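One structure below.
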Amino acid sequence: MTKKITKKTTKSRAVCEPKCGVCPKGRTAASGPYTADVMEHFSRPHNYGKIKNPDGVGKVGNLVCGDVMWLYIKVGKNKAGKEIIKDIKFETFGCVAAIATSSAITDLAKEKTLEEAIAIDKQEIVQTLGGLPPIKLHCSVLAADALAEAIFDYYAKQNRAIPKELEEKHHRIKKEKDIVEEKYKDWTQKEEEIHNQ
Ligand code: FES
C-alpha cells in the first residue's frame with residue numbers, strides 16, 4: 001500500500017528564534033531581524049518622492065555610514081490657525097532601517113503643528129516601528145534630523161525667529177553634515193548627481 005504524502009503549507013509568521021528582545025511584536029522568520037512594520041514601510045514606503053516648490057527642505061547625512069536623506073515639507077494651517085505640516089515627502093539613499101524610519105516619520109509628522117513635529121525624536125520613530133536591531137538604531141537619527149532641518153529651513157526662509165531647541169539641533173546637524181560631506185566626498189557628490197537627475 002502506498003501512502004499519499006500531502007505537502008504542508010505553513011505560513012511563516014513565527015517570531016524569530018532566538019528572540020533578540022528588541023522587537024517583541026511582529027518580527028517574523030521572513031523579516032529576519034526586522035519587525036513586520038519595518039518591512040512594511042521598507043517595501044511600500046509612505047510619502048516617497050519630492051514636493052514641488054516645498055516650503056522647507058532638510059538634507060542630512062548619516063555620520064556612521066554616509067547614507068543621505070532629503071525631506072520636503074509644505075506648511076499649512078489647521079482650523080485653529082496653527083501652522084501644521086500639510087504635506088511631507090522624502091527621498092532616502094539608505095538601508096532598510098533608513099527607508100523604514102523615513103517613511104514612518106512622514107506618517108508621524110503629517111498634520112502635526114510645527115512645535116509637535118520638532119518634538120518627534122528617534123525613540124518615537126523606533127517605537128512606531130516596533131523596534132530596530134541595536135546595530136540599526138543609528139539609522140533612525142537620519143529621519144529625525146531631516147525633519148528638524150526641513151522645519152529650520154522653513155523658519156529661516158521666512159526670516160522668522162527660530163526656536164532655541166531647533167537652533168541647537170541645526171548646529172549639531174550641520175557640524176555632522178560637514179563631516180559626512182568631507183568623509184564621503186566622492187560618494188555624496190555622486191548621490192547629489194543621481195538625486196538631481
Ligand atoms: S546603514 Fe546607513 S542609515 Fe542605516
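Each value in this text was obtained by applying a stated rule to the coordinates, not by laboratory testing. It should be emphasised that the depicted structure is a prediction, and the values quoted were computed from it without experimental measurement. Here Cβ is always computed from backbone atoms with ideal geometry, including for glycine, and neighbour counts include all displayed protein chains.
Taking 7 Å steps out from each Cα toward its Cβ at Asp87 and Asn196 produces label points 2.4 nm apart. Give me log10 I(q)/I(0) at q = 0.14 Å⁻¹ for segment 47-196, Debye formula, one equal scatterer per alpha-carbon, no solvent. Each listed q maps to, in turn, -0.62.
By other beta-carbon atoms within 10 Å, ranking Lys59, Lys164 with the fewest at the front produces Lys164, Lys59.
Sequence gap at least 6, Cα distance under 8 Å: using those rules, report the relative contact order of segment 64-132 to the nearest whole percent.
Values: 89 pairs, mean separation 18.9, N = 69.
27 percent.
Its relative contact order, with pairs defined as Cα atoms under 8 Å and 6+ residues apart, puts segment 47-196 at 27 percent. The ranking of Ile51, Ile88 from fewest to most other beta carbons within 10 Å of each one's beta carbon is Ile51, Ile88.
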